[in-house]
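Everything below concerns the one structure shown next.
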Amino acid sequence: MGTPEYERALEWLRVATDNPSAEFRDGQWEAIDGVLHSRRQLVVQRTGWGKSMIYFLAAKFLREQGRGMTLLISPLLALMRNQVAAAERVGVRCYTINSTNPKEWDDIRVKILSDAADLLIVSPERLANDDFRRTILEQITDRIGLLVVDEAHCVSDWGHDFRPDYKKISRLLEHLPRTVPVLATTATATNRVIDDIKAQLGGEVEISRGDLVRKSLFLQNIRLPSQEARLAWLAETLSRRIKGSGIVYTLTIRDAEVVAHWLRMNGVAAYAYCGKVLPPQDMEPALRTELESKDSWKVATTSDAQVAVYREFLEDLLLANRIKALVATSALSMGFDKSDLAFVIHYQRPKSVVDYYQQVGRAGRGIDSAYGVLLNGEEDDKIGDFFIRNAFPSEEDVEQVLKAIAAAPEGLSKLELERIFNLKKGKIDQVLKFVMSDVPQPVVKDGSKYRATQYVGSYRIPSETIARLTEIRREEMRTMDEYARTAGCLMGFLCSALESPAEDESCGRCRNCRPDLALPETVESARLQAAADSLRKSSVPILPRKQWADPARAAVRFRLNGKATIPVELRMEEGVALSSYGAGEWGRLVRKGKYETRPPHFDDKLVEACARMVSELNLEKVPQWIVPVPSRRNNALVGDFTDRLANRLGLPCWHGLVKTTDTPPQKDMENSAFQQDNVIDAFVVNENPPVGGCILVDDMVDSRWTFTVATAVLRQAGAEFVVPLALADSSNDGE
């Protein structure tokens, strides 16, 4: 290019990347130059192309020219540490305000308002926060030098990952002078999504769009429906066949934990990376010591704070190749940048080609060869359907929430809404975000309360749009299924599905183009049997609840003082569920015995498995008797099983716990307040229980409120302690 600006930018690029021979990719400098000339641009380039470098270097130029700070809106706050570090190497002062650093907010606010910040990174959700909008955003709107919308496909209704909070960006744009440049970036956008993003950005928008071919990726699809086969294949492949480190993606938190545990059992250093996961009990002692010695861990006083520190620790381990793999949900999706990632393997099929490309594109960015392997499971369609059905709030949920808020002049908090409606906390949050993204807003947030506006009565949920979007998502799932089964070029299929055709019909590198390069698809019988045995033993802890969801109701029932804390003398011990519902041999036997056998009956294999599990628990307190959770619909099912288990354990079975009222199934209760109150008055004892402590048996556990209330009844009647035992944990069923 030859201009002084180009030469300076190239110098900064080499410092930021720590690569003295780095050069701009086609389109990178042009995008930076577009920012400097106040243009609005949409950059659609593959993962690893270097989109973040555009706005970091542009922010540097703008500040040197005396222009305002850059505001970057991105959902990837926790995963941008390495990109931010690169920007800071060239002197860009970056800050972020998010839920993981509240103690730093005041200092960051001072820097922003005193013009001592070059770039502020916030999530789209922060735009909906009244305090942030009032104390920061409104103060700096007229001096923003550049607005960046990262992962811009989230702006579009038609995008695979539409987020209502992104709608607020269009309102922010309305208040920015036309001279302020706007840069939107994404790795994946179809023509329809691009058109929608252009409309949202307003005015003339320049499009920079590259091809999506990843020449370093060897793509391969392997159909292994059973979890046993996939676990066996993973253990063999990661321990013997693939060098380097990488990521294994799962669709659920529970599967991430199961896969990571299995890999560690087979000598593969792997840890689950999810939204709520903390260090496992079998974590390598040296790593645990290292984690617990970190200052950030020592000051993390809440579980959320500990999860954030632990996730950062895991990222660092993978970046340094100190572990073989992270077994991750979509929590580790966009934004994680490791140039030498050697593989990305999907334990289950993602819900769309866009999701798959975003994730598999993490591999092979800075090396000549990397694997992208898609495994297929028998549970894929069920999980995908769950995500689709829960992508939008129902019309009924929206109507009842808005009606309740409209009837409360002072407004209602989320907790108050939970106690009014049988809706999960997440569903209530989904409704509020959805309706507040509309213009005009039918509801506004005022402190912790949500109040109705004058538009609440005229609001109508866009049912037709939701129906169209839902059908699009189902079509995306069908396309992903076609990809998993195609006999044609895999890279060509992905590019075509994303409307970015490859230059050649054949990539000459995937499993279908070059079968001679493929990884083996068979597994050793011994390893397969070991995986099946591991799944049988894949028990799930049942942790005691420590607080009432509705303290007032509990106070009346158990003659308490109305405090939220469940008294220690009424709490259960930590217990265990034999299996995850429907997973592995035991989980499938539970499903068969409960729903497929007539009359319902649990196999003796489950009795033997539970007896072995109890013998291996090493309980500090030894139970002297065993008691079933009663049912008024089918008391014989759990009662008969408990009788057989008691006989096998050599303990007396006591049937003195009685259910006095018919209650709806707990699975129909969607939040803690309703789950607690559904069973709070349901149990009594009809005689004094035996001496000592007991095992309390039920077939399924989800919310733990049945166990919690039944335990309180037993403890108040004289039981010394109560250990809950369930055949299956269903809390992750369908999620």
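Collect the residues in region 669-713 that are among the aromatic types (F, W, Y) and over 13 Å from R557 (Cβ atoms), keeping them in residue-number order.
F674, F707
Suppose the filter is surrounded by 15 or more Cβ atoms within 10 Å (Cβ to Cβ), in the same structural domain as G692 (by TED's automatic domain parsing) and free of Cβ contacts under 8 Å to residues at least 40 places away in the same chain; does P551 pass it?
Yes.
Got a number for residues in region 484-511 being farther than 21 Å from A187 by Cβ, among the hydroxyl-bearing types (S, T, Y) and modelled with pLDDT under 90?
Number of matching residues: 1.
For region 531-586, what are the residues that are touching a strand residue (DSSP E or B) at 6+ places or on another chain (Cβ under 6 Å) and assigned to a helix (DSSP H, G or I)?
The answer is W586, and nothing else.
Of all residues in region 601-652, how many are outside any loop (DSSP other than H, G, I, E, B), closer than 19 Å to S579 by Cβ and in contact with a Gly (Cβ under 9 Å, 6 or more places away or on another chain)?
Of the residues in that region, 4 qualify.
Residue by residue, here is whether (1) assigned by TED's automatic domain parsing to the domain that holds V35; (2) surrounded by fewer than 18 Cβ atoms within 10 Å (Cβ to Cβ) holds:
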residue	(1), (2)
I169	yes, no
L176	yes, yes
T179	yes, yes
T185	yes, no
T188	yes, no
R192	yes, yes
K198	yes, no
P225	no, yes
L231	no, no
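For region 676-694, check the following and say yes or no: at least one residue is closer than 24 Å to L589 by Cβ, more than 28 Å from the chain's Cα centre (by Cα) and either in the same structural domain as I566 (by TED's automatic domain parsing) or free of Cβ contacts under 8 Å to residues at least 24 places away in the same chain (or both).
Looking for residues that are closer than 24 Å to L589 by Cβ, more than 28 Å from the chain's Cα centre (by Cα) and either in the same structural domain as I566 (by TED's automatic domain parsing) or free of Cβ contacts under 8 Å to residues at least 24 places away in the same chain (or both), one finds none in region 676-694, hence no.
So, of the residues in region 178-195 that are in a loop (DSSP other than H, G, I, E, B) and of a type in the set (A, V, I, L, M), which turns out to be nearest to the chain's Cα centre (by Cα)?
If we take residues in region 178-195 being in a loop (DSSP other than H, G, I, E, B) and of a type in the set (A, V, I, L, M), then A187 is nearest to the chain's Cα centre (by Cα).
Being assigned to a loop (DSSP other than H, G, I, E, B), among the polar types (S, T, N, Q) and at pLDDT 85 or above is the filter; apply it to region 41-73 and report the residue that is farthest from G210 (Cα to Cα).
Taking the candidates together, the pick is Q65.
A719 - would you say it is more than 20 Å from R632 (Cβ to Cβ), touching a Gly at 6+ places or on another chain (Cβ under 8 Å), assigned by TED's automatic domain parsing to the domain that holds G656 and not polar (S, T, N, Q)?
yes
Give the residue that is farthest from V607 (Cα to Cα), with candidates limited to residues of region 494-519 that are in contact (Cβ under 8 Å) with a residue 40 or more places away in the chain and touching a Ser or Thr at 6+ places or on another chain (Cβ under 8 Å).
A502
Just checking, how many residues over region 432-465 are out of contact with any Phe, Trp or Tyr (no Cβ under 8 Å at 6 or more places or on another chain), in a helix (DSSP H, G or I), of a type in the set (A, V, I, L, M, F, W, C) and farther than 17 Å from E410 by Cα?
Adding up the residues that qualify gives 1.
With V398, V327, V354, V307 as the choices, which residue is in contact with a strand residue (DSSP E or B) (Cβ under 6 Å, 6 or more places away or on another chain) and either of a type outside the set (D, E) or in a helix (DSSP H, G or I) (or both)?
V327
Would it be correct to say that A328 is small (G, A, S) and over 25 Å from A86 (Cβ atoms)?
no
For the subset of region 556-600 comprising residues that are of a type in the set (G, A, S) and within 28 Å of K621 (Cα to Cα), which member is modelled with the lowest pLDDT?
S580
This table checks each residue for (1) closer than 25 Å to Y595 by Cα; (2) surrounded by fewer than 19 Cβ atoms within 10 Å (Cβ to Cβ); (3) touching a residue at least 24 places away in the same chain (Cβ under 8 Å).
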site: E616; (1), (2), (3): no, yes, no
site: Q624; (1), (2), (3): no, yes, yes
site: P628; (1), (2), (3): yes, no, yes
site: R633; (1), (2), (3): yes, yes, yes
site: L637; (1), (2), (3): yes, no, yes
site: D640; (1), (2), (3): yes, yes, yes
site: D643; (1), (2), (3): yes, yes, no
site: A646; (1), (2), (3): yes, no, no
site: P652; (1), (2), (3): no, yes, yes
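Find the residue count for region 214-223, including only residues that are surrounded by fewer than 19 Cβ atoms within 10 Å (Cβ to Cβ) and either touching a Ser or Thr at 6+ places or on another chain (Cβ under 9 Å) or assigned to a loop (DSSP other than H, G, I, E, B) (or both).
Residues meeting the conditions: 2.
With (1) out of contact with any Leu (no Cβ under 7 Å at 6 or more places or on another chain); (2) closer than 30 Å to V44 by Cβ as the list, and L528 as the residue in question, which single condition is left unmet?
Answer for L528: the failing condition is (2).
Within region 472-519, track down each residue that is outside any helix (DSSP H, G or I) and in contact with a Lys or Arg (Cβ under 8 Å, 6 or more places away or on another chain).
Answer for region 472-519, where residues must be outside any helix (DSSP H, G or I) and in contact with a Lys or Arg (Cβ under 8 Å, 6 or more places away or on another chain): S500, C507, G508, R509, A518, L519.
Taking region 475-513 as the search range and keeping residues that are of a type in the set (K, R) and surrounded by 14 or more Cβ atoms within 10 Å (Cβ to Cβ), which one is farthest from Q45 (Cα to Cα)?
For region 475-513, the residue satisfying everything is R511.
The values are calculated or read from the model by the stated rules, or taken from the named source; none is laboratory data. Since we're looking at a predicted model, the values are computed, not measured. Because the Cβ atoms are built from the backbone with ideal geometry, glycine has one as well, and the counts that use them run over all protein chains shown.
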